[in-house]
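This report refers to the structure that appears directly beneath it.
The values are calculated or read from the model by the stated rules, or taken from the named source; none is laboratory data. Treat the numbers as computed from the prediction; the structure is a model and nothing was measured. Glycine also receives a Cβ, built like all others from the backbone with ideal geometry; neighbour counts cover every protein chain displayed. These area figures cover heavy atoms from the full protein model, side chains too; ligands, DNA and RNA do not enter into them. Shrake-Rupley method; radii C 1.70, N 1.55, O 1.52, S 1.80 Å.
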Amino acid sequence: MLSCTYNKPQKGGQTSSSKLIYEEIDSLNAVAWEQRNVRPDQLPGYSKEALFLSDSLNYIKGKAYALRLVTSHLVATSQFDSAVRQANIVINLFESLNDTLGQASTLNLQGLSYNGLGDFDKSRNVFSRTLQLYKNLKDLDGQSRAMNNIAITFFYNDDYVNALKWYFECLKIREQLPDKGTLAIAKSNIGMVYRRLAKSDLAIKYYTEALDLVRDLKDKVAEMTVLGSLGTIYYDQYDLVKSLECHQEALRIALEIGDRQREALAYTNLGAVEQENGNLENALQYYNRNLAILEDIGGKTNKIVALMNMAEVYRLQKKWGQAIKVSQKMLEIGQANQSENEILQAYQSFAETYKGMEDFKKAFHYSSKYHALKDSIFNKDKIAITEELSAKYESEKKAAEIALKEKELAELKHSQEARNLYVLLVIFVLVALVGIGSVYYLRQRDKFKKERSIAQKNRELAELSLKNEQSKKDLLKSELDYKSRELINLTNFVLEKESANKEIEEKLMAVLKKSNSSMSKDELSDILLSIKKSLKINEGHHELIHHLQQLNAEFYGKLDEKIPGLTMNEKRLCALLRLNLTSKQIAVILNIATESVDMKRYRLRKKIGIESDTLLSEFVNTI
């Protein structure tokens with residue numbers, strides 16, 4: 001860390017010692033900024049010393065750049081709320097210094113903070129301001145980074161069409177720059193979006209171009225990343241030969257450079273391909289190597305995934321004892337980590353194993369545990385989403401009320417000024433009448449009448465304007481009431497699951513009547529009793545679904561008129577899309593995987609027959 005002694009400058013000038021310290025502060029800030037991604041742990045020390053020296057000398061530029069380091073550290077440590085507030089202070093300092101580059105770099109940090117908070121609309125606005133500043137500076141590299149960040153906000157919002165548009169804008173600029181590394185990143189990002197859009201051929205094209213670039217640059221880490229992506233796309237296409245080649249090449253590079261984390265990932269991918277090929281022993285060997293590395297380097301979360309894969313292979317091999325041992329190890333890790341999701345995966349593994357063994361009593365036991373814990377997790381997530389939506393709704397409502405009040409005050413002030421001006425004008429006319437005399441009396445009276453007529457028309461126009469504003473207020477209230485109904489609809493929506501439980505009940509009743517196995521009728525009766533208790537939990541579902549249909553009756557009617565043949569599940573998906581929810585939020589509400597939501601959206605898009613460049617949520621909101 002930089003340390004130095006200095007003499008405090010005298011008022012009205014600078015000493016030669018203080019000038020040297022200014023240079024040292026600038027150097028300290030510059031070095032720390034360049035090293036922020038390499039040694040982020042040193043940022044607090046650098047910024048603290050630079051800030052102390054700058055405050056001592058009242059050196060505003062040094063203080064601004066030191067506080068930018070503080071903001072960068074807050075972003076790196078995921079303290080996003082604090083980073084947003086700190087960024088505002090720094091931006092104001094740079095504005096006072098007319099430092100456009102400082103403003104742009106700090107706005108970029110603020111945009112990343114909003115991304116971290118999940119507020120992609122705000123982050124997009126901030127990145128747009130950043131882009132304009134870089135355009136003013138004619139900084140092509142800065143422009144490309146801003147465009148890339150704007151694309152990311154659309155990608156996180158599942159708006160792949162706009163994400164692709166901005167990634168291509170970024171690509172156009174990066175093709176003009178000498179840095180081929182950033183060009184490879186741009187092509188990889190485009191490949192990633194095409195993969196999400198299920199356009200595998202285009203995804204492979206751009207990933208392959210990115211691969212050629214990183215190989216020319218001899219960037220081994222980037223080469224492994226692109227190879228992994230290509231291998232996954234080939235796997236999705238069921239081109240297992242090419243998928244295997246990509247993952248084997250990624251493994252070779254990982255072993256060459258000693259990257260154990262990516263070596264473990266390559267083993268997982270190779271195991272998946274071999275499992276799909278039916279080479280179960282090879283798959284098991286890869287999964288075991290993956291697990292051994294994770295145990296060595298301490299990858300707790302990935303360890304659960306490795307164990308899940310191993311349990312699946314053991315079940316395919318009908319090695320039930322091994323599958324149970326692996327499932328037990330998963331459960332122990334989940335309990336040690338106090339991770340509900342890991343425990344959930346262990347219960348699921350137990351249930352699938354005992355089901356394969358035809359030990360239905362234990363299979364039902366773990367299946368019940370799985371569903372009970374899954375419902376608990378779902379309810380927690382649903383409450384969190386409901387609270388988030390409620391807070392957003394209240395915030396928008398208050399913002400609308402404040403804007404309306406500010407407009408009313410402005411109109412009132414304008415009206416008062418108009419009245420004052422009118423009074424002054426009348427006084428002026430009266431004085432003029434007295435001064436000019438009776439010769440001009442008749443002319444002035446006519447003039448006064450005309451002015452009064454104009455004033456009357458102005459008042460009438462003002463009254464009409466107030467009525468229009470009232471109409472706007474009524475419309476706003478109607479829209480807010482509608483959003484409230486939609487929020488209630490979302491909060492009270494509960495998934496249907498009675499039919500599955502009833503089907504199990506009927507099957508077990510049949511078993512109970514015919515049972516000659518070692519399982520006693522009392523045990524089967526206990527299972528039936530558990531199912532009936534589970535069914536009681538779901539007795540209110542029909543009433544809630546009926547309530548959902550009532551709230552959306554008019555909307556569902558419009559859907560039937562415009563798009564005949566939609567199923568009830570597709571209508572419910574349309575109702576959720578009207579709220580502009582992301583696939584992740586819809587997945588939590590419907591208690592399904594995000595990929596399942598993407599598939600439902602894809603099927604709905606095909607069924608409706610809308611163009612790929614039209615957002616599904618925008619189309620639904622036009623109905």
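Within region 104-155, the proportion of C-alpha pairs whose separation exceeds 14 Å stands at 40%. Taking one quarter of the surface of the convex hull spanned by the alpha-carbon atoms of region 188-251 gives a direction-averaged projected area of 3.7 nm². The gain in end-to-end length when the Ile89 to Tyr238 segment is fully stretched comes to 48.3 nm, 0.36 nm per residue minus the alpha carbon separation.
For Gln79 and Met357 in one chain, what is 0.36 nm times their gap in residues minus the Cα-Cα distance, to one decimal in nm? Contour length minus Cα-Cα distance gives 95.2 nm.
Using a probe of 1.4 Å, the accessible surface attributed to Ile324 totals some 40 Å² when neighbouring protein chains are kept in position. Each 5 Å bin from zero up to the one holding the largest Cα-Cα distance in region 304-376 carries the following percent of pairs: 4, 20, 29, 26, 16, 5, 0. Computed with a 1.4 Å probe on the full set of protein chains, the accessible area for Glu249 sits at about 50 Å². Can you give me the relative contact order of region 217-272 as a percent, contacts being Cα pairs under 8 Å and 6 or more apart? 34 percent. Summing charges over all other residues whose Cβ lies under 14 Å from the Cβ of Asn88, with Lys and Arg as +1 and Asp and Glu as -1, gives +2. Taking all protein chains together, His73, His371, His247 sort by accessible area into His371, His73, His247, largest first [probe 1.4 Å]. Kindly list the residues of region 72-89 that lie in the label zone of Asp121, defined by a backbone N under 20 Å from the point 7 Å along the Cα-to-C-beta vector. The answer is 81, 84-85, whose backbone nitrogens lie closer than 20 Å to the label point.
Checking the cross-link pairs Lys199/Lys380; Lys584/Lys607; Lys513/Lys600; Lys199/Lys584; Lys122/Lys405 against a 30 Å limit on the alpha carbon distance flags Lys199/Lys380; Lys513/Lys600 as lying beyond it. The mean of 1/r over all distinct Cα pairs in region 243-350, once inverted, gives the Kirkwood hydrodynamic radius of 14.0 Å.
For Leu409 and Asn136, the FRET efficiency from 1/(1 + (r/R0)^6), where r spans their Cβ atoms and R0 equals 35 Å, is about 0.50. Among Asp560, Asp259, Asp81, the sequence by solvent-accessible area, most first, with a 1.4 Å probe is Asp81, Asp560, Asp259.
Note on Arg260 and Arg603: the model spin-label points, each 7 Å out from Cα along the C-beta direction, lie 4.5 nm apart.
Surface listing: Phe555, Phe120 arranged by accessible area from highest to lowest gives Phe120, Phe555, probe 1.4 Å.
For the listed peptides 344-350, 44-50, a ranking on the average number of other beta carbons within 10 Å per residue, highest first, reads 344-350, 44-50.
Once the chain from Asn458 to Gln470 is taken as fully extended at 0.36 nm per residue, the excess over their C-alpha distance is 2.5 nm.
Model label points for Ile297 and Lys562, set 7 angstrom from Cα along the Cα-to-Cβ axis, are 5.0 nm apart.
Shape of region 68-218 from the C-alpha gyration tensor: prolate (a/c of 1.5 or more and a/b above b/c, with a ≥ b ≥ c the square roots of its eigenvalues).
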